[in-house]
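Please read the structure below before turning to the comments.
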Amino acid sequence: LVDLQYRGAVSNEEFAINAKVNRDNQGKAIDLDCIIRRMSKEAKLERDLKKAEEKYKELFDAVPDCIYACDMEGRFINVNLAGCKMLGYSKEELIGKPLKETYVNPSDRDEFSKEILEKGYYHGFVAKLKHKSGRPFYIETYSNLIKDKNGTPVAVEGVFRDVTTRIKLSQKLQESEKKFRAIFDNSF
């Protein structure tokens, strides 16, 4: 049983003390077993790791595009705050959810999966997804297949951006060009 634990620093050296009080049959303290361990390297590594994790999480959640990771079954294993907002779900709701369920046309996900398995990446894939509310929107994704040390695919990681405005403007431009082409062709 540990009766005392202490972590501290003396002369720029970090250490931990674990102490145990040994007692007689009546509960009276008779002696003390003590272990003192230098912690400098271990403590610094722990602090550095924690700082790096905090910086990564801040950066991960600050990006305005969706950053995601899915397992090979297509279920979310990680997603940043922008992705949650874009899709209208909390992170807890998305983790484990099949990405295919967010597609307006689920066969688009099948096309994506086939391509990424063949090439190991799919850059510039455009698809129509749906917000939790049902509102459709277009995304463009840049994704990579992640493999383990044996070369076995284990995940897909990527970034997708809402390109709804760009797609709608492009569609309007095409419609306008058709109208002007018809006017031009019929004017002679």
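The values are calculated or read from the model by the stated rules, or taken from the named source; none is laboratory data. What you are looking at is a predicted structure, and each value in this text was computed from that prediction instead of being measured. So basically every Cβ, Gly included, is an ideal-geometry build from the backbone, and we count neighbours across all protein chains shown. These area figures cover heavy atoms from the full protein model, side chains too; ligands, DNA and RNA do not enter into them. Shrake-Rupley method; radii C 1.70, N 1.55, O 1.52, S 1.80 Å.
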Bin width 10 Å, origin at 0, all Cα-Cα pairs of the range 98-171: what percent of pairs per bin?
18, 49, 25, 7, 1
What helix-only [θ] at 222 nm does the chain give? Using -39500 (n - 2.57) per DSSP H run of at least 4, over all residues, to the nearest 500, the answer is -12000 deg cm²/dmol
Rounded percent of accessible protein surface that carbon and sulfur make up, the chain, 1.4 Å probe:
54 percent
Report the Cα centroid-to-centroid distance between the range 139-180 and the range 27-85 in angstrom, as an integer.
31 Å
Starting from a Cα-only point model with no solvent, please compute log10 I(q)/I(0) by Debye for the chain at q = 0.19 1/Å.
-1.25
Separation between the Ser107 and Ile77 pseudo-spin-labels, each 7 Å from Cα along Cα→Cβ, expressed in nm?
3.0 nm
